[in-house]
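The values are calculated or read from the model by the stated rules, or taken from the named source; none is laboratory data. Note that the coordinates shown come from a computational prediction; the quantities given were computed from them, not determined experimentally. Here the Cβ positions follow ideal geometry from the backbone for every residue, glycine too, while neighbour counts run over all protein chains shown. With ligands, DNA and RNA removed, areas are computed over all heavy atoms of the protein, side chains included. Shrake-Rupley method; radii C 1.70, N 1.55, O 1.52, S 1.80 Å.
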Amino acid sequence: QVQLVESGGRLVQAGGSLRLSCAASGRTIGSAAMGWFRQAPGKEREYVAAITWSGAMTYYANSVKGRFTISRDNAENTVYLQMNSLKPEDTAVYYCAVARRGVSTWHGDYDYWGQGTQVTVSS
């Protein structure tokens, strides 16, 4: 069993930056692909980014490509999401999750989820 705790979300103005963290405990996530998803009120959970177990490969939704960067520190059992040039449409609760196998854009392929951290971008 693994527990994930996201942090770093807050209110920020459009054009600003945030760095989200996802700290894992209970077991190492160093051998697992990881993903970030987000969910806005009244909307489906949406894929944001994913990273392979080693961090060698990263993948992004088109809506965040060039603005967001996913990374990981396996020694710290932590995954990060650096978000730059934030837009009001980025407002959502952001979740990290452990992939059951390799990277995936589908939330059903992830086994463990954190409780989420709220990101609000004002215009």
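What value in Å³ per residue do you get for the convex hull of the alpha-carbon atoms in the range 34-95?
Once divided by residue count, the hull of the range 34-95 is 80 Å³.
If you keep only loop residues by DSSP, which chymotrypsin sites (Phe, Trp or Tyr not before Pro) in the range 17-123 have at most 12 other Cβ atoms within 10 Å of their Cβ?
TRP106
Please compute the per residue accessible area over the range 33-123 with all protein chains in place, 1.4 Å probe, rounded to a whole number of Å².
Value for the range 33-123: 49 Å² per residue.
Let's test this: bin the Cα-Cα distances of the chain at 10 Å from zero up to the farthest pair and state each bin's percent.
15, 51, 29, 5
Between GLY35, GLY16, GLY26, where does the largest GNM mean-square fluctuation fall for the chain, given springs only between Cα atoms within less than 10 Å?
Looking only at GLY35, GLY16, GLY26, the largest GNM fluctuation is found for GLY26.
Could you work out the pair-distance distribution P(r) of the range 54-123 from its alpha-carbon pairs, with 5 angstrom bin width and percents rounded to whole numbers?
Result, from short to long distances: 3, 13, 22, 28, 21, 9, 3, 0 percent.
Please identify every one of the GluC sites (Glu not before Pro) in the range 1-56 that sits in a loop by DSSP and has no more than 12 other beta carbons within 10 Å of its own beta carbon.
On the way: sites: GLU6, GLU44, GLU46; in loops: GLU44.
Answer in residue order: GLU44.
Using alpha-carbon pairs under 8 Å, 6+ residues apart, how would you state the relative contact order of the chain in percent?
So the answer I get is 36 percent.
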